[in-house]
Amino acid sequence: MAGSALALFWPGALAFGIPGVLGEHWQEAFSVGRGAVGAIMFFMLASLGIFMFLVGRWQERLGPRVMMSIGGGVTGLSLLVLPWATSIHLVYLWGFISGAASCFVMIPALTVAQRWYPQRRGLVSGIVNLVFGSAAAIMSPLFALLLGALGYRTMVLIVAVLSLGFGLAVAQLVSLPSTSKVVRARTGPPEHTRAVAARSLTVGQSLRTRNFWLIWVLWALQGGAGIAMVPLSVGFGVARGFTFESAVVILTAFNVTNGVSRIVTGYFSDRINRNRTMGATFLAAGGAYFLLPHVGELGGIALLAALVGFGFGTLFSVSAPLAVDCFGIGHFGAVYGLIFTAYGFVAGVLGPLLGGMLVDTSGGYPLVFGYLGVLCVISAVLVQFVRPPAARDATGGGVPAI
């Protein structure tokens, strides 16, 4: 569990922290607009769409420790592109490589955690995702401090060295449990756990279910709405008249709840309906987006950004156990990797890319925040239609059709 969670610290810190903190620098250095900076997240997410499924397959042959070592090494080394980048296109290259590296860490980390704790899948998924989501809350202010004190190139090189060493070290802690070593939770319905373990759909069978495509669409819509806050937050704060250092508080608030929500909602999703847990937080995120253009105080803006982060973190923490409920653990890596194609190929377009373009064309943020709020509300409705097979059907071999 320690290795699985800690391995995601630097991938999370970079994905949710660097684009927001360095976005203003890249705009000035390369003479580009907010839309061009938002496209960084598109390339980062596109690589997730390509590599998540492949990593799920490769993991079955190479094992989690090898995959996570590759991910930790590439995460650190990819940063070496940035100090000598001469155009925004090289920043896009970093985003693509960094996103691919995170796949090599996330899928093995989630798989290892859920195999060790089969009856507390929501909780352990939340713990792993907590580190991934909250790392940027810790590091974003430090990135901003280092940027001001040391300058762009030195700051990035220091982060590269720290990320590389840390990632390689913690990957050595992980291993899959033998059957006798699996930790049995003291709470939760064991008959449901046995049923889920007995029913593992193949990738082909999963693709023929309505549940797969509903979860896929959730990742496209809610994933896009959530991740859009990363490149938009600091720019919105600056546009409101706050200093750069003060505007970073908005991104930090988003990342705090993006992390905290993952363990909170993961824990409660094991005890109450996962659909209602996700729906409530998605609806709150939508309401926050609708209110953001009408709030002028930094504290109020940070609070609303925190609600968006809470819904985004819930998507990460509860989707994994929901997918196991629906499709079983046997081919989890490959199935979850296919679900992530929505986040990679579609969410990046619907959220950061289109959001940044709307800011550039409309000259402000009300339109884009209203649009992102609608995506959240639609997601809150759609998740109610995801229906995992009942325990009595789990061992019957039937595959619910679309």
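The values are calculated or read from the model by the stated rules, or taken from the named source; none is laboratory data. Computed from a prediction, not measured in an experiment: that's the story for all the values here. So basically every Cβ, Gly included, is an ideal-geometry build from the backbone, and we count neighbours across all protein chains shown.
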Please tell me if G56 is farther than 22 Å from L350 by Cα and within 19 Å of the chain's Cα centre (by Cα). yes
In region 292-320, which residues are within 13 Å of S261 (Cβ to Cβ) and touching a Lys or Arg at 6+ places or on another chain (Cβ under 7 Å)? G313, F316, S317, V318
All conditions in (1) at pLDDT 90 or above; (2) farther than 27 Å from R34 by Cβ; (3) of a type in the set (D, E) are true of D270 except (1)
Quick one: count up the residues across region 45-81 that are free of Cβ contacts under 8 Å to residues at least 24 places away in the same chain and basic (K, R). 1
Anything in region 1-59 that is of a type in the set (F, W, Y) and within 20 Å of L353 (Cβ to Cβ)? List them, or say none. F16, W26, F30, F42, F43, F51
When both residues are 6+ apart or on different chains and their Cβ atoms are under 6 Å apart, which pairs have a first residue that lies in region 289-307 and is surrounded by 23 or more Cβ atoms within 10 Å (Cβ to Cβ), and a second that is of a type in the set (A, V, I, L, M, F, W, C) and not in a helix (DSSP H, G or I)? I301/V295
Here the residues within region 321-346 that are of a type in the set (G, A, S) and either closer than 23 Å to I263 by Cα or not in a helix (DSSP H, G or I) (or both) are A323, G328, G330, G333, G337
Mind checking which residues of region 83-102 are in contact (Cβ under 8 Å) with a residue 60 or more places away in the chain and under 15 Å from M41 (Cα atoms)? I88, V91, G95, S98, G99, A101, S102
Out of everything in region 229-262 that is charged (D, E, K, R) and surrounded by fewer than 24 Cβ atoms within 10 Å (Cβ to Cβ), what residue ends up being farthest from D360 (Cα to Cα)? E245
Looking at the structure I just gave you, is S87 surrounded by 18 or more Cβ atoms within 10 Å (Cβ to Cβ), of a type in the set (S, T, N, Q) and out of contact with any strand residue (DSSP E or B) (no Cβ under 6 Å at 6 or more places or on another chain)? no
Would it be correct to say that F53 is farther than 11 Å from P231 by Cα and part of a helix (DSSP H, G or I)? yes
Restricting attention to region 337-390, which residues are more than 21 Å from G235 (Cα to Cα), of a type in the set (F, W, Y) and either without any contact (Cβ under 8 Å) to a residue 60 or more places away in the chain or surrounded by fewer than 24 Cβ atoms within 10 Å (Cβ to Cβ) (or both)? F345, F385
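On the given criteria, is L77 out of contact with any Lys or Arg (no Cβ under 9 Å at 6 or more places or on another chain) and surrounded by fewer than 23 Cβ atoms within 10 Å (Cβ to Cβ)?
Against the criterion (out of contact with any Lys or Arg (no Cβ under 9 Å at 6 or more places or on another chain) and surrounded by fewer than 23 Cβ atoms within 10 Å (Cβ to Cβ)), L77 qualifies.
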In region 90-116, how many residues are of a type outside the set (S, T, N, Q), more than 17 Å from F16 (Cβ to Cβ) and surrounded by 21 or more Cβ atoms within 10 Å (Cβ to Cβ)? 6
